[in-house]
Each structure stands twice: as structure tokens, then as C-alpha cells.
Amino acid sequence: MALIAALEAHSQELVDEAVDLLGHRLHPPYRHVDPEVLRRRLSQTMDTLITALKERTPLPVLDYARRVARSCFHAGFHLEDIQMHFNALEEVLWRFLVQTESTDHLHEDLARVASIIGAIKDELGRTYVNLAAHHKAPAINTRSLYGGTQSVPEHPMSTRH
């Protein structure tokens with residue numbers, strides 16, 4: 001319970017720190033995302049993480065990861081950039097826990113946070129890859145490509161008749 005109380009009490013500070021961290025790590029096209037949008041998304045992730053800790057089940061984060069994967073996939077975001085958001089939050093949480101937690105429960109709290117964020121990233125990745133597999137570009141018909149030029153008329157000056 002101390003973990004949940006600490007995360008709830010410092011939630012906004014942790015989200016702000018993760019937003020700052022992302023500002024340095026995002027690739028150029030994503031750097032132009034409004035920091036307030038990042039803050040809202042990371043706040044939602046933090047709320048979902050706290051809910052999963054309270055309810056002692058990964059189901060809220062799995063549903064959340066699927067929604068994020070679908071919306072980001074259809075918006076054209078790359079998987080590695082989406083994962084970066086969760087990595088930044090995880091890094092901030094670990095740093096916070098190491099600095100504030102007593103050593104008696106630190107390993108348990110780190111494991112709980114890591115398992116929840118790991119579940120998010122795993123489900124996010126699986127959902128995203130599944131979407132990508134079903135929305136792939138059509139394959140090239142290599143038989144037609146290398147089959148010759150039957151549809152192109154022979155050159156009139158050709159010696160073959």
C-alpha cells in the first residue's frame with residue numbers, strides 16, 4: 001500500500017519528469033507532439049498502472065495497451081516510439097523508487113512496477129505487430145515481373161520473326 005500511496009502522491013511530478021525525458025529522446029517527427037498531449041497520455045498510463053496495482057490484476061493495463069496500440073498504429077506512429085513513452089515512465093518510476101523507498105520493500109516494489117510496465121509493453125507490441133501483419137502491402141507478383149515482356153510488342157527492326 002505504501003507504493004500505491006507514494007505513486008498517487010507524486011504522480012504529476014513523475015509524469016512531468018517523464019515528459020521532460022521524452023523531449024530529449026523522441027525522434028524528429030515526434031518531437032513536435034505537444035508536451036501537453038504527452039502529459040495527458042503519460043498521466044493516463046500512470047493512472048492505469050496505479051489501478052492495476054490497486055486491483056492486483058494486469059487486466060486494466062492489458063486493455064489499455066491494446067487501445068494504445070490500435071490508436072497509435074492507425075495514427076501512423078512507429079512501435080519503437082510508442083514503447084519509448086513507456087520506457088521513459090518506467091525509468092522515472094525506478095529512479096523515484098530507489099530514491100524514496102526503504103530497502104525492505106524496494107525489490108518487491110520495483111518488481112511490481114516492472115511487471116506491470118512489462119505487461120503493457122508486451123501487449124502493446126503483440127497488438128501492434130498483429131495489426132501490422134493484417135495491414136501489409138500487397139506482395140509483388142515476381143512471376144510476372146521476371147516472366148518477360150510478353151505484353152510489349154517486338155521491336156519492328158528486330159531480326160527475330
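The values are calculated or read from the model by the stated rules, or taken from the named source; none is laboratory data. The structure presented is a predicted model; accordingly, all values stated were derived computationally and were not measured. Backbone-built Cβ (ideal geometry, glycine too); neighbour counts: all protein chains shown.
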Q: Identify all residues within region 90-105 that are over 28 Å from residue 128 (Cβ atoms) and either loosely packed, with under 14 Cβ neighbours inside 10 Å or β-branched (Val, Ile, Thr) (or both); write none if there are none.
A: 98, 99, 100, 102, 103, 104, 105
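Quick one: in region 90-119, of everything that is acidic (Asp, Glu) and not in a helix (DSSP H, G or I), which residue is nearest to the chain's Cα centre (by Cα)?
By that ranking, first place goes to 101.
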Q) How about region 49-65: which of its residues are hydrophobic (A, V, I, L, M, F, W, C) and touching a Pro at 6+ places or on another chain (Cβ under 8 Å)? A) 52
(Q) Can you pull out every residue in region 74-89 that is part of a helix (DSSP H, G or I), surrounded by fewer than 20 Cβ atoms within 10 Å (Cβ to Cβ) and free of Cβ contacts under 8 Å to residues at least 60 places away in the same chain? (A) 74, 75, 79, 80, 81, 83, 87
Q | Test: residue 81 is farther than 12 Å from residue 17 by Cα and modelled with pLDDT of 95 or more | A | no
Q: State whether the residues of region 76-89 include one that is at positive phi and either among the small types (Gly, Ala, Ser) or in contact with a Ser or Thr (Cβ under 6 Å, 6 or more places away or on another chain) (or both).
A: yes
Q: For region 96-115, state whether one or more residues are touching a residue at least 12 places away in the same chain (Cβ under 8 Å) and touching a Ser or Thr at 6+ places or on another chain (Cβ under 8 Å).
A: no
